[in-house]
Amino acid sequence: MSEFQTHPVPANFNDAHINAEKYQAMYKRSIEDPEGFFGEMASEFLSWEQPWDSVVNYDFVKGEASWFAGGKLNVSYNCIDRHLPERADQTALIWEGDDPADSKHITYGELKEQVCKLANALKARGVSKGDRVCIYMPMIPEAAYAMLACTRIGAVHSIVFGGFSPEALKDRILDSDCQTVITADEGVRGGRSVPLKVNADKALASCPNVHTCLVVERTGNDINWVEGRDQWYHELMAGADADCAPEPMDSEDPLFILYTSGSTGKPKGVLHTTGGYLLQAAMTFKYVFDYREGEVYWCTADVGWVTGHTYIVYGPLANGAISLMFEGVPTYPDAGRCWEVVDKHQVNTFYTAPTAIRALMAVGDEPVTRSSRSSLRLLGTVGEPINPEAWEWYHRVVGDERCPIIDTWWQTETGAHMITPLPGAVDLKPGSATFPFFGVDLALLNEDGSEVEGAGSGYLVVKSSWPSQIRSVYGDHQRMIDTYFSNYAGYYFTGDGATRDEDGYYWITGRVDDVLNVSGHRMGTAEVESALVLHDKIAEAAVVGFPHDIKGQGIYAYVTPMAGVEPDDELRAELIQLCVKEIGPIAKPDIIQWAPGLPKTRSGKIMRRILRKIAENDLESLGDTSTLADPAVVNELLSNRVC
Ligand code: WT7
């Protein structure tokens, strides 16, 4: 599969939690006897207020899954209270601010106090079990407190990434009818402020049901204030009781909603529930990162993405770990920041996205090599395929050839890691996410739905339920069935393609649907197209991805102006602004090509395959264009291709 060499398990992982033999045995049992296996795991990893009646029941045709039905537990109790006897004074969170001079440690004891106070403050504002709370926050400890405070009282959080626009925020608040919003006056990233409250105000102008907007004071700059609705976080906290009994939740009670993009329509509110999600978050955190007591672990994601949910907050805290939360960006004040932070806090595990690795690699080795990094034991990646060159650089330059690279494949919908090496169990092949985690039963399907046997390529599907599986699309269960369980009956359809090599290793080849992955951020081509056609000078738009050295994929937009409109740079700038306004800066097209016509079939369907080839500059394999309504359109596009 690759000209890059295989990396055997490093000697310092010989005593890892899971070795090759254990992996084989545990994996086999997890598939053959999920009831027995996960029943034991659920007792080992979590504290339950009431035991479950049955471990798992599912029906992929109806899109139903339930884990630990009848069991009761509370997530904040599992992430905080039960650790207190040994860890009240141990650090739970290390917060590293955008400014290198800003950092602090929050102990498990302090975490308990902050979370309970906030839970009581939310209750005092009328928030109760089952209510949805929108969190639109920068990367500050209060974001973690907000998540955990929701779980303490059984409220369902819906985090919206702080980089999303007011428009995108509004859509998400309305879709799940959040009546409470928690935000900050401003965020701070890379030395610049992010106008969170300004954005929230714009969004809330169209959200009449929101009765409370809780505002954390981060910068103290002037903001607009709506009396009654807006409440200072610190004022409510000052009067709040520091004790709040955790609400016993059913294992299948909703835990959070997180919006993610698909190939069509508006983003979907992926719904996760309590027991199964927390179990897989906890298990994967311990086994995949081979976490040892007292180690410092740093995941650079934002809590606005699922990675931040599972691997900054829930997975680490469920294990009583020390989790570092970083407010800034890897390139501020300069490209050495990550390694400076690693040395400063003696980080043992570092988990980031390939796009960040490629961006840092492009700057050269010096910002890395001027740091020690001797504390590092394990390096991880997530979010997109990692090219073997970046893998090797990460391994050689960042990890000094000492640290295994753990390439974790999973999705917002899967809740936690699904395909990943366990560092003590698996020889690594650069670019491969290797093998399935416990309980994950994979298959590759041919176009006709038959399973690929042995080595080969196909659509990546999952054959049976796993604990942290998506339970529903909020407010539209049918949409979940249609999206994930209808393509091939009886299988969960991931939307990714993959290859299995002769050694059984999985290699993710990328999305097979109209979903883009730009710098690890997931986006539907349809979302960007809808934004572009809002412009009254635009008749039509088609968006595809193209290979981008740093971002993985870039956004290539073919745009057809209305008849009589002479497109110019001003229009181009307006279109880019429109994408920023409707979605956020991550949705800026890299390339806009004016297209007097788009290649369509005679029935009017846009042939994206051709547009993708032109964008990829793969002009040899345009394929059959004879079925096009007007084949001349292709020549027109080719002669105006933007490089
Ligand atoms: C899509 C899911 C997983 C949390 C962050 C992204 C791609 C994710 C990998 C990987 C190759 C990957 C897939 C997947 N993806 N991890 N290790 N190798 N591709 O979550 O936003 O829900 O995106 O990201 O295409 O379907 P997400």
remark   = For the stretch 552-570, pairs from a residue that is under 20 Å from residue 542 (Cβ atoms) to a residue that is small (Gly, Ala, Ser) and not in a strand (DSSP E or B), with Cβ under 6 Å and 6 or more apart or across chains, are 556/615; 558/595; 560/595
Filtered residue count, the stretch 151-186, keeping only those that are in contact (Cβ under 8 Å) with a residue 60 or more places away in the chain and touching a strand residue (DSSP E or B) at 6+ places or on another chain (Cβ under 7 Å) = 11
remark   = Note on the stretch 143-192: residues assigned to a helix (DSSP H, G or I), under 21 Å from residue 275 (Cβ atoms) and not aliphatic (A, V, I, L, M) are 150, 151, 152
task = Identify all residues within the stretch 364-390 that are of a type in the set (Gly, Ala, Ser), within 16 Å of the ligand (Cβ to nearest atom) and assigned to a loop (DSSP other than H, G, I, E, B); write none if there are none.
result = 383
task = Just need a number here: residues in the stretch 299-323 that are more than 29 Å from residue 269 (Cβ to Cβ) and surrounded by 23 or more Cβ atoms within 10 Å (Cβ to Cβ).
result = 1
remark   = Of those in the stretch 209-244 that are touching a Gly at 6+ places or on another chain (Cβ under 9 Å) and part of a loop (DSSP other than H, G, I, E, B), the residue nearest to residue 138 (Cα to Cα) is 218
ask   = So which strands (runs of 3 or more DSSP E) are wholly in the stretch 246-359 and hold at least 1 residues that are within 22 Å of residue 142 (Cα to Cα) and of a type in the set (Phe, Trp, Tyr)?
value = 254-260, 296-299, 322-326, 349-352
ask   = Among the residues of the stretch 521-574 satisfying the criterion of being basic (Lys, Arg) and under 28 Å from the mean Cα position of the chain (by Cα), which is farthest from residue 607 (Cα to Cα)?
value = 551
request  = Return yes when residue 580 is within 16 Å of the ligand (Cβ to nearest atom), touching a residue at least 12 places away in the same chain (Cβ under 8 Å), outside the structural domain of residue 427 (by the TED database) and not in a strand (DSSP E or B) and no when it is not.
outcome  = no
query = Just checking, which of 637, 628, 622 is in contact (Cβ under 8 Å) with a residue 60 or more places away in the chain and either over 23 Å from residue 548 (Cβ atoms) or surrounded by 14 or more Cβ atoms within 10 Å (Cβ to Cβ) (or both)?
reply = 637
inquiry  = If residue 257 satisfies all but one of (1) touching a helix residue (DSSP H, G or I) at 6+ places or on another chain (Cβ under 8 Å); (2) within 28 Å of residue 470 (Cα to Cα); (3) in contact (Cβ under 8 Å) with a residue 40 or more places away in the chain, what's the number of the condition it fails?
reply    = (1)
remark   = Condition set under 19 Å from the mean Cα position of the chain (by Cα) and either within 13 Å of the ligand (Cβ to nearest atom) or on the phi > 0 side of the Ramachandran plot (or both), scope the stretch 246-268, selection modelled with the lowest pLDDT: answer is 263
inquiry  = Please go through (1) part of a strand (DSSP E or B); (2) in the same structural domain as residue 68 (by the TED database); (3) within 14 Å of the ligand (Cβ to nearest atom); (4) over 30 Å from residue 342 (Cβ atoms) for residue 440 and return the number of the only condition it doesn't satisfy.
reply    = (1)
ask   = In the list 531, 425, which residue meets the criterion of being surrounded by 17 or more Cβ atoms within 10 Å (Cβ to Cβ) and either within 16 Å of the ligand (Cβ to nearest atom) or closer than 30 Å to residue 160 by Cα (or both)?
value = 531
ask   = Which one is farthest from the ligand (Cβ to nearest atom) among residues in the stretch 293-318 that are out of contact with any Cys (no Cβ under 6 Å at 6 or more places or on another chain) and of a type in the set (A, V, I, L, M, F, W, C)?
value = 296
query = Which ones in the stretch 462-506 are among the acidic types (Asp, Glu) and not in a loop (DSSP other than H, G, I, E, B)?
reply = 482, 496
message = Among the listed residues 557, 531, identify the single one that is in a helix (DSSP H, G or I) and either modelled with pLDDT of 95 or more or of a type outside the set (Val, Ile, Thr) (or both).
response = 531
ask   = Can you find a residue in the stretch 507-519 that is in contact with a Phe, Trp or Tyr (Cβ under 8 Å, 6 or more places away or on another chain) and in a loop (DSSP other than H, G, I, E, B)?
value = yes
key: Within the stretch 197-208, considering residues that are in contact with a helix residue (DSSP H, G or I) (Cβ under 9 Å, 6 or more places away or on another chain) and not small (Gly, Ala, Ser), the one farthest from residue 141 (Cα to Cα)   = 207
inquiry  = I'd like the residue in the stretch 108-136 that is in contact with a strand residue (DSSP E or B) (Cβ under 6 Å, 6 or more places away or on another chain) and outside any helix (DSSP H, G or I) and, out of all such residues, is farthest from residue 241 (Cα to Cα).
reply    = 136
query = Name the pairs: first residue in the stretch 481-507 and outside the structural domain of residue 431 (by the TED database), second residue crowded, with 17+ Cβ neighbours inside 10 Å and small (Gly, Ala, Ser), Cβ to Cβ under 6 Å, at least 6 apart or on different chains?
reply = 505/432; 506/433; 506/498; 507/432
ask   = So, in the stretch 404-422, of the ones that are in contact with a helix residue (DSSP H, G or I) (Cβ under 7 Å, 6 or more places away or on another chain) and not in a loop (DSSP other than H, G, I, E, B), which residue ends up nearest to the ligand (Cβ to nearest atom)?
value = 408
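The values are calculated or read from the model by the stated rules, or taken from the named source; none is laboratory data. In this text the structure is predicted, and so the values were computed from the model without any measurement. Heads up, the Cβs are rebuilt from the backbone with ideal geometry, glycines too, and the neighbour counts pull from every protein chain shown.
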